[in-house]
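Down below is the structure, laid out as structure tokens.
The values are calculated or read from the model by the stated rules, or taken from the named source; none is laboratory data. Model, not experiment: these values are computed from the prediction. Backbone-built Cβ (ideal geometry, glycine too); neighbour counts: all protein chains shown.
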Amino acid sequence: MRSRSPTRRCLICGAESCSPGWHSLLEKDRGICQSCFARLSPSLRSFSLGGWKAYYLYDYGEFFRSLLYLFKGCGDYALAPVFLLPLAPFLSLRFLGRVLVPAPSSTEGDSKRGYNHVIEIFRKLSLRMEPIFQKTSSVKQSDLSESERGKVRDRLAFLPGKECVPKGGRFLLVDDVATTGSTLLAMRGMLLEKGARDVAALVLAHVEKKGGNAIAFAPEEGQ
Ligand SMILES: [Zn+2]
């Protein structure tokens, strides 16, 4: 009797993958179906943070925001692979030799959902991950005025024992969503002061400020 291979289902919509051939091979690697992949359409693009080039992967559209909300806000851990899996091999090569440094999130948010969402998303890359930073205040970025956000560095510190950054080290700061980018800029400054050679940044999405539009589904930065 012929053994049936287990049914593969899209991690996002649950659609069954039944097409033989190269499409199904791709879907196996992605964990998501063609249709969801097309809706997300990730690609590596850059944006400027005060003249520093940072990278992002997704448009901050409703589909992406709802997925991130389910993963980050509702603790739907099964979605962890969907954000990077399609691009993980490419990104791992693109940033080869860099140490991944996750932006710190609040310990309260992490313990509520049971995991650190940034670490779980970016651990799909074949790069060494090294949490270096911690938040010294539980104040949410979103509760701060723009000028207060600029002082983010006052609320950021090296984790105990992580102050000795390897001289000449190359780092890739990672986070889910960048709004002002102040946390990324602060981490970059602190690493460069410690002797890092090069610091790059990769986020899933960045939010362009357009007159303070309220954005549905958006978990607040810094949660
Ligand atoms: Zn799907």
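Just to be sure, is Ile32 modelled with pLDDT of 90 or more, outside the structural domain of Phe171 (by TED's automatic domain parsing) and surrounded by 13 or more Cβ atoms within 10 Å (Cβ to Cβ)? The answer is no for Ile32. When Gly97 is tested against (1) outside the structural domain of Arg197 (by TED's automatic domain parsing); (2) small (Gly, Ala, Ser); (3) under 26 Å from Gln134 (Cβ atoms), exactly one condition is not met: (1).
Taken over segment 76-118, the criterion of being under 16 Å from Leu184 (Cβ atoms) and either assigned to a helix (DSSP H, G or I) or not basic (Lys, Arg) (or both) is satisfied by Phe95, Val99, Leu100, Val101, Pro102, Ala103, Pro104, Ser105, Val118.
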